[in-house]
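Notes for the one structure printed next.
What follows is calculated from the coordinates using simple rules that are stated; it is not laboratory data. Predicted model only: the values in this text are computed from it and were never measured. Cβ: placed from backbone, ideal geometry, glycine included. Neighbour counts: every protein chain shown.
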Ligand code: NAD
């Protein structure tokens, strides 16, 4: 890892509009499993069972979804060294923002202000009614699940409720996609961290940055689908690598 770590630091040195594009791998060191890594959720669960269509049409899918959320570790997780290193780069004025595929809220929990973070796939800390405008902190709904409601409904209108995350088959949030695209076009370097870069349209974000002139560094354990486009690839743990970046660059 060392030669590529040094090359990446040299490539990032002097850059002032660094964009971080993060995926599930940045949060595994906080105890949240990723989807496609060696211990990923999709090794145990079939993603085709959790599409938006199935959620809306099958009580069984909703009941399993609430149970899986409870067991995911996401509600107990704390930010790790990689999240903190991005805060250090932000405070040093080198990071223009973080576009994340993650739904865990750990970038903000580490100390990044809301305006620095674009959540492309939503946030698990909030639940919304799919039929009326009502919404609640997820803890409120989880207390109902814990009390025995397997398939809780909206107390206002009786409609289906769902955590505010984008499931397979659901439309992407327009405003967040626009903000991500602006950050990509303005960046002078893009740093993809902990992602297989295989989920689209999210994975267009680092591509857009690269196509508009940014240098491209990938930090990931294992291969990604954009390895052929990167200027440097650092195969290592996000916490260790990003801490080294922050120490060297700030
Ligand atoms: P992914 O599961 O496809 O890929 C994660 C990658 O990170 C893998 O290649 C894995 O080997 C690597 N990795 C794991 N731990 C690492 C570490 N400590 N350091 C460096 N690399 C590490 O994840 P993805 O590309 O983000 O796509 C999955 C989708 O699942 C995303 O859209 C996201 O919304 C969602 N997801 C989010 C969370 C979360 O919020 N924490 C968790 C699981 C899945």
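Data for the structure
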| item | result |
| --- | --- |
| Folded to 0 to 90 degrees: helix 238-249 orientation relative to the chain principal axis, Cα | 40 degrees |
| Per-peptide average of other Cβ atoms within 10 Å, ordering 40-50, 116-126, 7-17 highest first | 116-126, 7-17, 40-50 |
| On Cα atoms only, tilt of 81-91 relative to the major axis of the chain in degrees | 70 degrees |
| Whole-angstrom gap from region 119-175 to region 31-72, using each part's C-alpha centre | 15 Å |
| Highest to lowest packing among 199-211, 159-171, scored as the average C-beta count within 10 Å | 199-211, 159-171 |
| Ranked 132, 154, criterion: other C-beta atoms within 10 Å, fewest first | 132, 154 |
| Chain lengthening between residue 114 and residue 139 when straightened (0.36 nm per residue, less Cα-Cα) | 7.0 nm |
| Efficiency of FRET between residue 132 and residue 198 - r from beta-carbon atoms, R0 25 angstrom, step 0.05 | 0.10 |
| 0 to 90° range, to nearest 10: angle between helix 59-71 axis and the chain longest Cα axis | 50 degrees |
| Ranking of 214, 27 by count of other Cβ atoms within 10 Å, fewest first | 214, 27 |
| Considering only the chain, percent of DSSP beta bridges that pair antiparallel, nearest 5 | 30 percent |
| Length gained when the stretch residue 78-residue 146 is fully extended (0.36 nm per residue, less Cα-Cα span) | 22.3 nm |
| Separation of the residue 188 and residue 51 label points, Cα + 7 Å toward Cβ, nm | 4.5 nm |
| Contour minus Cα-Cα distance for residue 221 and residue 60 (0.36 nm per residue) | 54.5 nm |
| Semi-axis lengths, Å, the chain, gyration tensor of Cα atoms, sqrt of 5 times eigenvalues | 34, 18, 17 |
